[in-house]
Each structure stands twice: as structure tokens, then as C-alpha cells.
Amino acid sequence: MFLLYFKTWRIPVLKICCVHFGYCVFKCVYFSVRHDIACHVTVCSFKMAAEDLPSQFDVVILGTGLTESVIAAACSRVGQSVLHLDRRNYYAGNWASFTFNGLLSWIEEYKNQQKVQITESEQVWRSLIDEGEDVVPLSSVDSSISNLEVFCYASEEEEKEEETKAPLTSCQPVNAETVSEETTGDSTEAQDTVTEPSQSQEEKDSQPISSPADPPVEVEKKITYQKLVKEGRRFNIDLVSKLMYSRGALVDLLIKSNVSRYAEFKNIGHILTCRNGKVEQVPCSRADVFASKQLTVVEKRMLMKFLTFCLDFEQHPEEYQDYTEKPFREFLKNKKLTENLQDFVLHSIAMVTQQTLTEEGLKATQHFLRCLGRYGNTPFLFPLYGLGEIPQCFCRMCAVFGGIYCLRHSVQCLVVDKASNKVKAVIDTRGQKISCSHFVVEDSYIRDEQRQSTAYRQISRAVLITDRSVLPSESDQQISLVTIPPLESSAPAVRMVELCSSSMTCMPGTYLVHLTCSSSGTAQEDLAPVVSELFHVSTIPGEEPSEGAEERSKPAVLWVMYFNMRDTSALDSSSYSLPSNVHVCTGPDGSLGSDCSIKLAESVFHHILPDEEFCPPAPNPEDIIYDGDGPQAEGPGFDESVNTEAEEEGAAHEKNPSTEPAEMDSVADTTPSSEE
Amino acid sequence: MHGRVKVKSTAQQEEEKRKEREKKLKAFVSARDAVLRKRSAGEHDEEALQLTQQLLSSNPDFATLWNYRREVLLQLETSREKDEVQKLYESELHFIEACLKVNPKSYGCWHHRSWVNTRLPQPDWTRELGLCDRCLSLDERNFHCWDYRRVVVKESGVSVEQELQFTDRLIGSNFSNYSSWHYRSTLLPQLHPQPAPDSASNTSPSPTASPQIHSHRVCEEQLLKEYELAHNAFFTDPNDQSAWFYYRWLLGRAEREEMISCVYVSRERERVSVAFSKPVHAQSEGLMLVLDGQPQQVEWRSTHPRLRHSPVWLCDLPPGSVSDISNEHNLTVHWTEKYTHRDCALYTGCAESWCRDSATDQELFRSELSVEKSSVLQAELQSCNQLLELEPQNKWCLLTIILLMRALDPLGHEKETLAHFQTLKEVDPMRSSYYSDLCSKFLIENTILKMEYAEVRVFSLSNKNLTTLCHLDQLLLVTHINLSSNQLLRLPPQFAMLQCLEVLEADDNAIESLEGLYHLPKLEEVSLRNNQICKLSDLESLASCTKLTRLDLRGNPVHKTANIDSELSQLLPLLCKSQAFVV
């Protein structure tokens, strides 16, 4: 057994226990997050026996990625019974965020998976299949991640061995600390525990980069690998790197459904680009253009004029009609934008390729511009604690409306009614047959036999931990989006998101950098050149940059991970040979926004429930009427409920100490199929 | 199985809300009554503070309650130690802050806050400045906060440099905020004042010295930086007026020196006319007339009874004092208030005489913008023309170009200016009358300049779409004026300043009113064909022009009046005696 918590439920009283091979039911009477609502988890029971899981659901959902979680929330919200499963021991699938130590475990798991192919036993469920029923087996192996490589450049002080082996020795105690501290959920307390060295680290970062620091001080402030591991719980490292367009489908949905109350967000402060090896600001808003020092006044006018045109370009078809069949780039040239401006618009504002056609380019530019100003002078938001929060927020919404959650619990096969060719039930990994009217599943659970084609696109990813920002500015706590135009016109542009520690994704004194591009080779082949152009990559771990001022001015890479992620976003229902009530959700796509996933979720939802509204606003807690089926139902006044919550919390704590060590073992062992 | 969450109906919610509101109202009213009772009973205690606090935190715009609070605080202050007073007022500041969250634009709150800070033994200005910054970051146009901030800055002695940086920051985040631009215009002259003009130009304190006085000006180096800032703003968004207004301020507006610009004396009328550089009220300005060394007791009057402030004033000399044509006279008009005077000599054999500064000498009409170095203005004109190429329809740009052209060379740019005015009227039809009036003004100015270059007293401006008349004080000496074929609606009272006018041609206009044809001593001929004069009473003022011998009213509605001849002869008996008018 192990204990997992929703990171979004950061208040101590708000905790969900999820049990290995058990499940928990939360009947949420009502909710309180931070200020607005009061929450009460009435039942948090550990059920060990398989037959305790209800045998019938309206919708069974496998996979807790963004699309699946949104569908789960939407179905549950309109009264459908939802069983939401994930074979992993964490939420959000490829959308997940990990602590540094959690990521090391994930890497380890990946490597193990490469070695061992698990053999499955079919016999368990054969007996459950009746006549007239067919079986569609699901895949038990996730092959969506490939080419994973890890390099460590932080000095390792005592241990000089390969960094990938280091976590196993140091991981467990740190991990235990992590969980216990985070279950108390007191983030302010966590802030206070920042130790002396890391505070001086901050001071160092606030100093102008050009001023040469004294060598002895430098040595003292260096961030070691030990330190990264020790402070590992301060990291929330996303597997996918996306930002939220402030007028994108995701933000609109978060607002509409009231799910936004479960998360906090930060503005992206800088929109940058990299030209000729130099990082500079992209003037995209009116204020940026005004303040820009790189543009001449005439360029300013031309750019503003063009951007103003893009805002309502549909109204002026005569301006672009002749270019609808031609690339956007040519249209930009025709608009008399200087080379500078063309680059800005194409790569950093529209974020399209050289080949993109004019109309699509105009639409992308318009989308970007419409997002400006909604939440400040930037079109993007980022969820604090990482992108992995978002699927969890929707899961939470689902749970509030009665959805049941089981992690480390998957489906072995689908039971298909031969007559109607529809799925009537699923058989879970414990051999229980659960009937359902609809089955929603993440792409990575589908076996190749059910696919029409196995040619995928790939996304190349790199995750870096660095010691300072690529563009130091007055405030060192800014999230930056950097677009790096391709060197050759055929190569893909690289997108880089640099997260500061106040985004709650990395430890103070470090920056977490995500690089993303569509793959042409392995992630390392695609992205290593960009990494070495923008960062100082030392040859020996912990070595100081010595090649001169230029290298010194670049941020140093402390740790880097490369991997490829399968991009299935181009697939649709015709790509699979599956029963009609099976809905496949593709994984994260390579674009910056999440619109693709949200649109898919909405379309699946309308497939399942054509007459229902998609994620209507959750009612105000005060307007919910409770049936008298529980002791809390009789006038759950605010104060009273707080008391009962506190009591429950106390009870939970009493239970914890005995269970914790066992839980930690299970995290470290990562044996998803072991049965008790 | 899984029941849906039951939600109260809208009607239920409405009902609950209504009840809630009623309850609140009842509580508010009873608390208010209690407070007002206490006040009339003269009770100044802690309870009063508590009660008013309750009320004000829900409605901070209740001025009476703030007043009462001040009374209570002043009372409590007397009975406490200094430390306690400090605490008392500090908690008051906290309370006001809460009220500002309810309404950040409450007059009462901000005023009370200023007052509390004056009572506070040790005011914490840094904190107040921080509060202002927070408020302005939420709403950068909250003028209550701007006002309060000025008080805070003054009291806390924040340096001008810091304040300039503050405006940099605000303008950087959003330049469509005139408050910060304007604040800049008050700071820059303090920080980078224009160096005092070198003494050479100061040596001649004669009334003909430079008419421009530069105050509130900024040194050239800084000025160039500011031009650049304004360029950045209006190239980024040429439709935003804040930057254009600021730019206009940067280009400057010269203040004309107050002086007597012309003295005119007529032997025949025994009358002195004096023109000033701006409208004055002569009776209260300490004006003194000295004739041949003898101060004269004269009565000053303006040219028209409707003009109480006027740039032209008249007085009659004692009868016989200058009527002998063989005598030479010296006149001096003293403007004692402004320590200035002007002489005028009336020589033997002359019927009239004058002494004046011409508009050309004074560069009078260029003073719309200050006479910066013309190279600077030339550069600015280039920038604006560059913008105009990109934005041919931009009204701010067009207008600024017109102003720059006038400052540089009004006659040389006349054609371009007229073309720009035409575009302006098309792109901004809502203000086309304003542009027409402005264009008329510039045309009149140009015609005055041309007239002075030609050294004649004939003013001709026909067929130019004039909509208004101005600068009439500059036409004091004009004898012939031709305003035919324009769009004039009236001859305004100021027209009476044309004291030397003999012939007026104003055919083909839309003139309805002749108010300004009033006591024009030399006026002989008036041609008003094809105008809109409707009533005989409109012609009444003409009766005061005693020399009028010819009046042409053909093509006016009044011309169709029955028995106009007899009516006119009754109205204008003098004119009829001469038998020389055409109707």
C-alpha cells in the first residue's frame, strides 16, 4: 500500500488516500478549497477485496491524462457514474509532474521496463467470458516514451558514480521526507525550511551576471547533485511542456466549469527569442513595442499596423486573398515587414513553420493577440506546481460528483458483445468484470493489433536544471517562453519554457528549462545543439566555465534529461479498429497550447452524451441541498464542519506512521503487477 | 444510484438574497440612526468609532460619518499619550485601507487619509507611497490616488529623479495614460531646467525685445530624449492622444510678453487708439496718456460695449488739443502695471500717425509653438512626415505637421497646410468645423503677414472658405477689407476694432449679424450683397457709423421687405441724406 495525495488538495484536511489494489470512495458532501468552499470527505475507506468495487458503471475511463480527466469530470458532473483508472501509481499519465526524486524513479521504471517484458496470464479472466462475447485485450506496457538519456553536470562531491544510479541509494529517505512533509501540506512551512546556502544562492542570482564573483564564494554556493536530491521535493517536473493560452479552450473550460478554483496560476513574464545566439525580448504587446530598443520607430509602426490588422483580419479579405495558397512567410514579406519583424511574427507570435499557409498563420497570430491583456501583458498562464496539476483538478471535480478513482489499477481486456459489436464490460487487472456503457481509454493502452497504422510522429523533449536565467532582468522570478527559430528552414523550431522557482516547479536558485520540438531524430540529436548554444555544458561534472566571458555569461546546466514522446494527436477514430463505444484519447500533442486535447474531450463527451452540457459551472456550495443520508447533512455549518475535518485529519495522521514505511517500499520497488 | 447534486432553484436563491439584503439594510439603518443620535448628543467616545467603522466599511462614501470620526479622534487625542495617539491613528489608517478596498474612488476615504497623516505624530510616508503604487497598479487612472500621491510626495520629499523614474515605469506599462505624461511635464523642468538665456539678449529691455518668455522649459539634451519617447509612443499607436498631447507640450507654446503693440492717433477725430498684445481691461490696468509732457485726464473705452476685455482701447483727447495740423505732438501711453509704455509722434501736416510692432517683426504667429531651434523643429517635422507616409489618415499626425509647418515657415508651407486641412476634414468629419476655424485663423495670419510685407493697409481674403474672423486687433490700421465669397456668418463685435476702415466688401457670405459694424468712424462703403440679413433691426448698429454713404444689400432677405426705402431712411437718416446708397 502506499499513500498518494492530490497535490491540488494542499490544505491538510483535504487528502485522499489511494490504496494499492484497493480503492477509495469519496462521497464529497461539500467542498472547501482555500477560501471559497468547505470540503468534507465522508468516507475514505481502504477496501482490499476485489469484489468491493461496484460491478456496474456508466463510463469506465482508463488513463488520467488531461483528455481523459476532462471527460471524467464532464461525465461525473452531469450525473454519470464514473470509474477512473490508471495503471501508473501517479496521476496524469504523460501529463504528469514529478518531484526530482519522483522523476528519478520514473526514469528507473522506464529503464526496467525496457529490460523486462511482462508476460500476461490470460487464464484468470477466460472464465468470465460468456457466450456471445468477444475479448479485446489491452496493452500492459507503455511504449510512448523512448530514447531517454540523462546527464548530470552538477558536482557530486563524495560520490562520483553515474548519476542514474545515485538516486537508488539516496532516494528512499528523501522520498519519505517528501511525502510526510507534503502530506502536512503546509507550503509556508516548507518555505521556511529553506536553508542558509540556498538563500545565498538567491543572492548570487540577483547579482548582475557580469560582475565577477570571488572564486571561494563561488565554490561555496555551487549547487551539487546532493543538493538537487535533497531539495528534490521542490521540483515539479512536467513530462510535457505547455503553456495555457489565456483565451484558449483550456482556460475557458477551467473558468466555465469552476475547476479553476482548484489551481493557481502565474503569468509568463517574458516572451523571448534567440537570434544569432543572442536571447532578446519579442515585442508582442503594445507596451513591449513601445519599450523595445531594438526596433526603429518605423518598424514599430509596421509591426503594430500588422498586428492590428491580424486582430480582425477576416474583415479585410482583400489584404490576404492573393496569398491564401502561399506561405505565411511570403505574405509577411509582402506586408513590407523587415527581416527582423518577419522572424518575430513567424516564430514567436504565430509560432508556425516556414511552410504554414497564410490563413493559418493569420489565425495563429490572431489567437496569440486575443490572448494578450486578459491576464496582464502576456498571452500565457502557467499553473503553479506544474502542468500535472490540471488533469488532477479535473479528477478532483469528477470525484466531487461521485467519480471513483483507482491508481495502479488497469483493465486487462474489453468484453465485446458480438451481436452489437459494443463493449459491454471490462475485466480489470484483478479479474473483476465491470460492466459499462462506454469505455474511454488513453492511446498508450491500445495494442498494435487494434491499430490501422503504427507510424507515429514524435516529440523531442529536453528537461534541464540550470543555475540562472537565459535573460537576466530586474526580476529573477519570471517565467519565460523562448522560441528558437530553426537554423535551416526545413528543421523544426525549438520551443523553450524557462520556469523560475516561484512557479513552484524548482528549488530556489535554479531554473527548470523545458525544450520541445517535433522530432526529426532522437531528442538528444534534435535538442543538444540548442542546449549547447544557449547554456554552458561543462565536460566534467561541477566544473566551472573557464572558456571566457561568453561562456561565463551563459547559464550552466546542472542536470539534463532527453527523451522522445509519442505524438498521437494526429490519430482519430478511423485509426483504430475498436467497438464504437470505445473512445480513444490521444496523448499530448507538440503544440504550445492544450486546445487539441480539450476539443477532443468535448467531442468524446458529446459522443457519449449527445444531449448533455459539457462541464456546466459547478454550483455554489451554498446552493447545494443535501439529502439526509449522513450525519453532516443536518445543517453542516461552516465552523462545525471545520471541526469534523480536523478530527478526521487527526485520525488520518494516527493511521499514517504505521503505513508509511510500507508505502515507501512500494514506491521504490515499482512492481505494478505484484499481487498480494 | 448516483443521484445528481440538487441545486436550489433560482427563485429560492433570489428569495434568500432578498432576505439577506433586507436584513443588512435594517442593520445599517439602525446603526446609522444610533450614530447620528450620538453625534447630536455630543458624545465622542470609542463606541462612536466602532459604530461609524461598521457603517463606513460597508459604505465608505458617507461624508457625515467621516466628519464625526474626525471630531471623535480629535477629542480622544487630547486625553492620550503620544504613543497611544500614534497607535490610534495607525489603526485608523488600517481601517481606511479596508474602506478603499470597498471603493478605491471614495472622496471621503482619501480626504480622511490625508487628514489622519497630518495628525499622525510620526507619519510613515514610505508606506503611504507603497499604498499609492498598489492602487495605481490596479487602476492607473484613479485620479483620487494621483491627488493623494502628490500630497505624499510633497510631504515625504521624494526626489524628483525618483518620481521621473516612477513615470517611466507607468508609461512603460501603459502609455495611454495622460496622468503620467502630465506628471512628467511637471517634473522635467525641475530636473533639467533650460539654462538661463545668455545676458546678451537681456540687455535691451525695450518693449520691442523678444516677445517670447520661456518658462517651464526643459534643456535641449533632455528635450531630444523626450521627443524620442513621444515618437516611440505615437509610432506604436498613432491614435492614442496622450503622447500627442505630451508632444505638443514638448514643442512648447511661447508666452507672449505683455506690451502695447500699437498706438494710433487721428487728428480729425482727436482720438487715440491703443492695441495691446492680449485682451485687457483698460480701466483697471493703470493706463496713462501723456500728451506733449502733460498727463491727460481721458476716459478709456473699448471698441464695442460687449467687449469688457479687449486688445484695443480708445480714448478721446480734449477738444482742440491736436486739431491744428500745423502743430507737432508727442504722445506717450504708459501701462504702469506692466512698467511699459509706447511713444507716438504726430508730425506737422499729418492727419494721423501710429507707432507699432508689426506681426512680422514679432514672429507673432509662429508662437503657437515655441521658437525652438528651427533645426530641431525641422527634424521633428521629418519624423512626423515619415509617420504620415505610413498613416496618411492619422489626424493627430496631420494636425501636428500643420503646427510644425506654421512654426517653421507659415507662408512657405501654405499650400501643404491647406491640403492637410482638407484631409483632416475628411478623416475627422466630427471636428470639421474646428478645422475650418483653425484654417481660417491661419489664412488670416498669412494674409496679415503678406499685407505687412507689402506695407499696405488693404486686407483682401476673398474666396478662401473662411468660417470665422480673428486677429482683428492686428487690422487696426486697415482701410480697405475684402472678405467676399467666404462662409462667414457674422461680423463679430471685435470687428469694431478696425478703426481706420473705410471700405468693407463682404459679398457672397452667409452673414446674419452686423454687430461689429459699430462706431467705425471712417466707414464709407459697405457691400453686403447675397448674405442672410433678414431683419431691419439687424442693420441698427450701422447707424453709429456716421460717415457711411454707400450700402449695398441686394440679395438679402431683408431686401424684399415692403417699403424698405422708407424704413431704412428712418433707421439710417444720415445715410439717406447723402442719397448714395443702393438697396
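Values in this text are rule-based calculations from the coordinates and carry no lab data. It should be emphasised that the depicted structure is a prediction, and the values quoted were computed from it without experimental measurement. FYI the Cβ positions are ideal-geometry reconstructions off the backbone, even for glycines, and counts take in every protein chain you see.
With all pairs of different alpha carbon atoms counted, what Kirkwood hydrodynamic radius in Å does the range B:377-448 show? Don't skip to the end; give the middle numbers.
On the way: mean 1/r = 0.0819 Å⁻¹.
One over the average 1/r among Cα pairs gives 12.2 Å for the range B:377-448.
Return one number: the angle in degrees, 0 to 90 and rounded to the nearest 10, between the long axis of the Cα atoms of helix B:395-408 and the longest principal axis of the Cα atoms of chain B.
Roughly 50 degrees between the two axes.
Using the C-alpha atoms of the range A:49-103, what convex hull volume per residue, in cubic angstrom, is computed?
Working: hull volume 5.1 nm³, N = 55.
Given the Cα convex hull of the range A:49-103, per-residue volume reads 92 Å³.
Could you give the length gained by full extension between B:LYS154 and B:LYS87, i.e. 0.36 nm per residue of separation minus their alpha carbon distance, to one decimal place? Working shown, then result.
Details: separation 67, 0.36 × 67 = 24.12 nm, distance 2.38 nm.
Using 0.36 nm per residue and subtracting the Cα-Cα distance, I get 21.7 nm.
Can you figure out the FRET efficiency of A:ASN340 with B:ASN465, using R₀ = 45 Å and their beta-carbon distance, to the nearest 0.05?
Values: r = 46 Å, r/R0 = 1.02.
Plugging the Cβ-Cβ distance into 1/(1 + (r/R0)^6) gives 0.45.
Strictly over 31 Å apart at the Cα level, which of B:LYS441/B:LYS560; A:LYS266/B:LYS24; B:LYS225/B:LYS395; A:LYS266/B:LYS105; A:LYS278/A:LYS363; B:LYS464/B:LYS560 would you flag in this model? Write down the numbers at each step before the final one.
Numbers: B:LYS441/B:LYS560 34 Å; A:LYS266/B:LYS24 37 Å; B:LYS225/B:LYS395 24 Å; A:LYS266/B:LYS105 28 Å; A:LYS278/A:LYS363 29 Å; B:LYS464/B:LYS560 29 Å.
Beyond 31 Å: B:LYS441/B:LYS560; A:LYS266/B:LYS24.
Please work out the FRET efficiency for the pair B:ARG457 and B:GLN283, using the Cβ-Cβ distance as r and a Förster radius of 22 Å; give the result to the nearest 0.05. Present the calculation step by step, with values, prior to reporting the outcome.
On the way: r = 29 Å, r/R0 = 1.34.
Using R0 = 22 Å, I get an efficiency of 0.15.
Mind pulling the angle between the C-alpha long axis of helix B:82-102 and the longest principal axis of chain B? Nearest 10 degrees, somewhere in 0 to 90.
Tilt of helix B:82-102: around 70 degrees.
Would you mind ranking B:THR479, A:THR273 so that the residue whose beta carbon has the fewest other beta carbons within 10 Å leads the list?
On the way: B:THR479 17, A:THR273 21.
Arranged by neighbour count, lowest to highest, B:THR479, A:THR273 become B:THR479, A:THR273.
Based on Cβ point charges of +1 for Lys and Arg and -1 for Asp and Glu, what charge dipole magnitude is obtained for the range A:246-370 about its Cα centre, in debye rounded to the nearest 20? Numbers along the way, then the final one.
Working: 18 positive and 16 negative charges, 107 e Å.
Once rounded to the nearest 20, the dipole reads 520 debye.
Regarding the range A:222-367, what whole-number volume in Å³ per residue does the convex hull of its Cα atoms give? Please report the intermediate quantities before stating the final value.
Working: hull volume 25.8 nm³, N = 146.
Convex hull volume per residue, Cα atoms: 177 Å³.
Past the 12 angstrom mark, what percentage of all C-alpha to C-alpha distances in the range B:36-85 do you count?
62
Rounded to the nearest 0.05, what FRET efficiency do A:ASP623 and A:LYS326 have when you use their Cβ-Cβ distance and R0 = 45 Å?
On the way: r = 55 Å, r/R0 = 1.22.
The value I calculate is 0.25.
Can you give me the Cα centroid spacing of the range A:478-539 and the range A:236-285 in angstrom?
Computed from Cα coordinates, the inter-centre distance equals 15 Å.
What Kirkwood radius, in Å to one decimal, follows from the Cα pairs of the range A:575-617? It would help to have the intermediate numbers written out before the result.
Values: mean 1/r = 0.0840 Å⁻¹.
For the range A:575-617, inverting the mean 1/r across all distinct Cα pairs yields 11.9 Å.
Return one number: the angle in degrees, 0 to 90 and rounded to the nearest 10, between the long axis of the Cα atoms of helix B:10-40 and the longest principal axis of the Cα atoms of chain B.
Computed tilt is about 80 degrees.
Ratio of alpha-carbon Rg to the 2.2 N^0.38 Å globular estimate for chain B, to two decimals, please. Before the final figure, lay out each step's value.
On the way: Rg = 33.4 Å, N = 583, 2.2 N^0.38 = 24.7 Å.
Output field value: 1.35.
Quick check on the exposure proxy: order B:MET288, B:MET430 from fewest to most C-beta atoms within 10 angstrom. Intermediate results must be reported in sequence, preceding the final value.
Details: B:MET288 14, B:MET430 6.
So the ranking, lowest neighbour count to highest, is B:MET430, B:MET288.
With each pseudo-label sitting 7 Å past Cα toward Cβ, what's the A:LYS111-B:ASP33 distance in nm, one decimal?
8.1
Which distance in nm do the two modelled labels at B:GLU97 and A:ARG126 give, with both placed 7 Å along the Cα-to-Cβ direction?
Label at B:GLU97, label at A:ARG126, 7.5 nm between them.
What is the projected area of the convex hull of the Cα atoms of the range B:440-583, averaged over all directions, in nm²? Provide the component values of the computation, followed by the final result.
Values: hull surface 29.3 nm².
Directional mean of the projected Cα hull area for the range B:440-583 stands at 7.3 nm².
Can you grab the distance from the C-alpha centre of the range A:338-394 to the C-alpha centre of the range B:439-515, Å, no decimals?
Computed from Cα coordinates, the inter-centre distance equals 61 Å.
With the radius of gyration and the Kirkwood radius both derived from the Cα set of the range A:389-433, what is their ratio Rg to Rh? Let's see the in-between values first.
Values: Rg = 14.0 Å, Rh = 12.5 Å.
That ratio equals 1.12.
Alpha carbons only, please: Rg and Dmax for the range A:432-516, in angstrom.
Just the Cα atoms of the range A:432-516 yield Rg and Dmax of 20.1, 60 Å.
Could you list B:ASP316, B:ASP538, B:ASP324 in order of exposure, starting from the residue whose Cβ has the fewest other Cβ atoms within 10 Å?
Working: B:ASP316 14, B:ASP538 19, B:ASP324 11.
Arranged by neighbour count, lowest to highest, B:ASP316, B:ASP538, B:ASP324 become B:ASP324, B:ASP316, B:ASP538.
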